[in-house]
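The values are calculated or read from the model by the stated rules, or taken from the named source; none is laboratory data. Everything numeric here is computed off the predicted structure, so don't read it as measured data. Neighbour counts run over all protein chains shown; Cβ positions are idealised from the backbone, glycine included. We work out accessible area using only protein heavy atoms, side chains counted, and drop any ligands, DNA or RNA first. Shrake-Rupley method; radii C 1.70, N 1.55, O 1.52, S 1.80 Å.
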Amino acid sequence: GAWESATARRGPLKRLRQAQAHYTSSLFLGGNEVKSRAVVKYSSAPPRTAFARLEEKTDLKLPPANWLRESAKLGPAGTTILGNSKKSKPFSSFGMAYDFIDSVGNDVDVVSDSENIKKLLKIPYSKSHVSMAVHRIGRTLLLDELDIQELFMRSSQTGDWTWLKEFYQRLIDQKWQRKKKSKEHWYQKAILSKFLYYSINGDGAAQPVPSAAEQQGSSSSDQTNDSDGASWPAPFEMPSSGSEPLEPSYIVGHVASAPKEQNLTTLFNDGENSQGLKNDFVRNILWTFEDIHMLVGSNMPIFGGGRYPAVSLRLRDNNKPINVLTGIDYWLDNLICNVPELVMCFHVNGIVQKYEMIKTEEIPNLENSNFSTKVIKDIAQNILSFLKSNCTKEGHTYWLFKASGSDIVKLYDLTTLCEETEDKYQNPFTMPVAILLYKVACNMMMKKNQNKKHYGTIRTLLLNCVKLLDKSRHPQIIASANYMLSELFQLDEPKKEESSESPLNENSDESYSEEEEEMPDSDENGSYSTSSDPSDDNKAVAIIKSVGELSVPEKYKSIHQIRPSCTFPVCHDTEERCRLVLSYVLEGLKSVDSSIKKESDLPAADPNTPIPLKYEDESTRGGPEVPLLPVPCSEELIQSGMIPGSWQHKMKLQLILKSSKAYYVLSDAARALRYIKLALQSHDTYCCLCTNMLSEVLLFLSQYLTLCGDIQLMLAQNANNRAAHLEEFNYQTKEDQEILHSLHRESSCQGFAWATDLSTDLESQLSVSCKCYEAANEILQFSDLKSQNPEHYVQVLKRMGNVRNEIGVFYMNQAAALQSERVGEYLFGVRSLLPLLLENHLSKSVSTAEQQLWKKSFSCFEKGIHNFESIDDATNAALLLCNTGRLMRICAQAHCGAGDEFKREFSPEEGLYYNKAVDYYLKALRSLGTRDIHPAVWDSVNWELSTTYFTMATLQQDYAPLSRKAQEQIEKEVSEAMMKSLKYCDVDSASARQPLCQYRAATIHHRLASMYHSCLRNQVGDEHLRKQHRVLADLHYSKAVKLFQLLKDAPCELLRVQLERVAFAEFQMTSQNSNVGKLKTLSGALDIMVRTKHAFQLIRKELVEEFDQVNGENIYLCFLCSPMVHQPSDESTPAADSSPSLNREEVIKLLSIFESRLSFLLLQSIKLLSSTKKKTRKYFPVSLSVPSFQSLCLPSDPSSSIDSCKVTHL
């Protein structure tokens, strides 16, 4: 075998691990192989020393000089190492389980004292009684000796356990009496103790022999320790009136939840005796016997020497041969402790005779002690299978009992028997089992992020823990367990983990049902008996009718099945998961509240003792304060009577924080204001209880307020469903009401009422949303969380900028509405019959209310721009700059010139605000930089900028400020503004806005051409300038026609431009002197008239569509009577894109102008042709007489101009 050593600290006991050994032995006896492997997990024994070989004839009845005295070689453990008669405590397995909590529930099958293991494996060979308590924790069974004699002695003194005593006397031993140990028993123990002291005192150090009185005192002390060795804790009872509540010494640690790791402190205070649940073994060994893994405690003394690193030392009476029981005992001790050799010292009446060395593998073959190791292996497997198959209910105490001299082994469920009594909490194992369940769950919680398949196990452990405990007696543990249950559900876990592929849904060995019931076995498996034979005990869970069955291989094959009901519950949606969390939080809050003393129970204040008042100088106050946040209450202001720093205070803080998180997730999923209100009420209570806010808690509050702002904004944007929102806002479940009741014990929960009020006013809701974002941002600024959580900080500023934009738009629209109302009233007054009376009451001047709205809107836009610029969000900053430009345009529109509409001029205020709008649009473009950043926003800003330039130029052109500026300057400014509008009007890029851009560009060219045409008519003198205007007018007319021809819904505009071109040609003809030039100009004008055919086709198409829509109504059928119109067109005319209906008055007016101009051009052509030579008539090849032309040109009926359309045939 190989030995390894290591040292480490062990937690609760603060003892040094002396050695960790690994020894594997394989024994071959009679062709059967038995595998044994042991690892020493912990040892408090001192370094091994060689034993002193005593000389023959040494009298062991005489005490050595060092007897019962501490020795440096023995270490602090003293006589316990040397096999003191002190018995192991009844909860020894729990002490080991607490120390090696990682092994419980998963890796280890059995945790017990080595003496209990040996007693079980010797059952088929021994007639002595067996009484053990069995508990199941996951896959692990905890075995402890259940000393009936000690138990009933205590019952006689205290009155406890009377139910078990009556049960025992009724079914097992009707004449029970305490059996006293014989003098021979005490004699043998004294001889063994002296022998071991002699063996370590080989140097013969002279020590005075204790006096008889000292020996007697030591002996009596030893006997007292023996009798009191089994320290049974009393069942926890309700305290009598006037005394403190009897809470166990287990201190449930403050269970705190951090975002990245769980902080689950140990359940016991270090160094406390914890009701006798300490691990008092010298060494703890992880022993694997065949396929059985056991955590075993042992106190066997081990010495060094010989050919092996360790030997065990035994004292035997030479007159008594070694029997099978002794051989099995020695063999198992050596296997468990990795001792390869046994040294036996034989004596006769206390006189040493000889020593004998025996190897461990030779022990089963000793004379008179021959036994089969294969049978021992079968016994171990059968007993384990029997217990695992029947001890199925976790948290229950099972009693494995075999009476002295009997072959029948019975298994009882003491928990079920105890529940049938008046006080079901009289089982002393209840508390240790509950604590162990709790500790195992805590340990798994520490590792839950590594393996989520343990969630079902943890939940089952905690549910069973809560089920075992009385809520009125153990509120602390119940509150902590419920909090951990709530921690199992990841509130922010993504939906993909909720699918059926999640490891939470897998059945594993770690998952088991807390409600699992025993299952009947078939005879094939050699199962335990469940027959209704009267001789059987109907109270027993299972019975082994004969201990001989344990030697049969696989007689009791384990059929313990894993039930799917123990798996972690699958929550298909967020609301279900949050509701489960809140149900556990509510149970925890109830436990905490029930443990807090009522006001009537609190000690009355001493009237003679003044109440200290704390004054604070304002000048000494340092550090910034967080506005809009509730002020934490001081220690003196806790309403419910909790003591600050107590477990109630700490636990309630965590439960309240958990409830706030659950409500936050609910509100995030459902977008419900009532949930975020409950979350903020929970957080308000937390703030009142906690005097020192952690940074992560402040981050939670910032997130809550951010979500509250989102919901308020959403409600403001969906005002149509306000009644439904109000009904949903006022709804509360019973669970919510009970949680609120617990919160109101500590606080009024009104700290954030301003954020959760459901207002019916749009402005108020937007304002509340903005305040929520501002408060969230102030928290991040105050606690310096913005550097630790940059993503959340960016989101808060984005939302704050967005809501400020919404508020700014709201005020801007309000101002526009007031402006429209004011202008409407003014126009009504102008058009009324009493203009002079209304002139004193109606005015176009800007009202104070409008100006205030402008200021509010501008302030919101400015702050929003700053928010976006601070996080380098160029796109949103550009949008707000664009909105600010729109606000400036509204201001400009409001400052239109006062007075008569016919005398209006473009005012300086209009120009000022339009120029400001241009500046903001240019800033938006500079913010974006290039179109690649956000093409849609870039195009939108360009369009708005083009619109601003176009509007400003149009107003200057239509309402020229001639009183302040010269005509030439106005024309120059109009031309520059129009060209800038063209610059930012993209007519080439294919987009939804392209037709609008084309229409605007065509309109700009049309207006410029008209302006230059007008300048040419009114200008006298400068021929160069006239020529320049003539060229520009012709150029812009040509561009306008090309752009209008691309459009499908602007036939009137196209016709108007063509007619203006004809008028421009007529004006040019007036300045021409030669007939040839005039004829050439007339020819060009007639060519323009012919090209109006496209415009007439579009007009005809729209009229036909309107005619079809009115179902044959005979309206303006005159437009359809022309032979030219009825003929199919050679050009394909695409359908118009939802164009507006034609202005019929405008069409008739344009047709009238078209007819008159065409008649004029034809008459002028006839006159010129008749007065010129034949060679100049090449421009007009058709030869007609003047009367025939006149008959065509002049209408037959002056009231009907439609017949003149036939001239188009020319």
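Listing for the model above:
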item: Entries of K916/K983; K439/K545; K278/K590; K1048/K1080; K965/K1039 with Cα pairs more than 26 Å apart; result: K439/K545; K278/K590; K1048/K1080; K965/K1039
item: Percent accessible area from carbon and sulfur atoms, segment 436-488, protein chains only, probe 1.4 Å; result: 47
item: Placed amide H near I351: partners under 5 Å, 5+ positions off or other chain; result: L60
item: Neighbourhood charge, 11 Å Cβ-Cβ cut-off, centred on Q1164 and excluding it, Lys, Arg +1 and Asp, Glu -1; result: +2
item: Taking the convex hull of Cα positions in segment 436-488, its mean projected area over all directions (nm²); result: 3.2
item: Placed amide H near I137: partners under 5 Å, 5+ positions off or other chain; result: L142
item: Probe 1.4 Å, protein heavy atoms only - accessible area per residue of segment 436-488 in square angstrom; result: 25
item: Hydrodynamic radius by Kirkwood, which averages 1/r over all alpha carbon pairs of segment 677-726, in angstrom; result: 12.4
item: 19 Å Cα-Cα threshold exceeded, pairs from K165/K402; K118/K181; K393/K539; K393/K555; result: K118/K181; K393/K555
item: Sulfur and carbon atoms: percent of accessible area, segment 882-1007 [1.4 Å]; result: 53
item: Inter-label distance, nm, simple model (7 Å from Cα along the C-beta direction), H185/S1014; result: 12.8
item: √(5λ) per eigenvalue of the Cα gyration tensor, segment 931-1066, largest first, Å; result: 28, 19, 12
item: Efficiency of FRET from Cβ geometry, Q788 and I1148, R₀ 51 Å, rounded to 0.05; result: 0.10
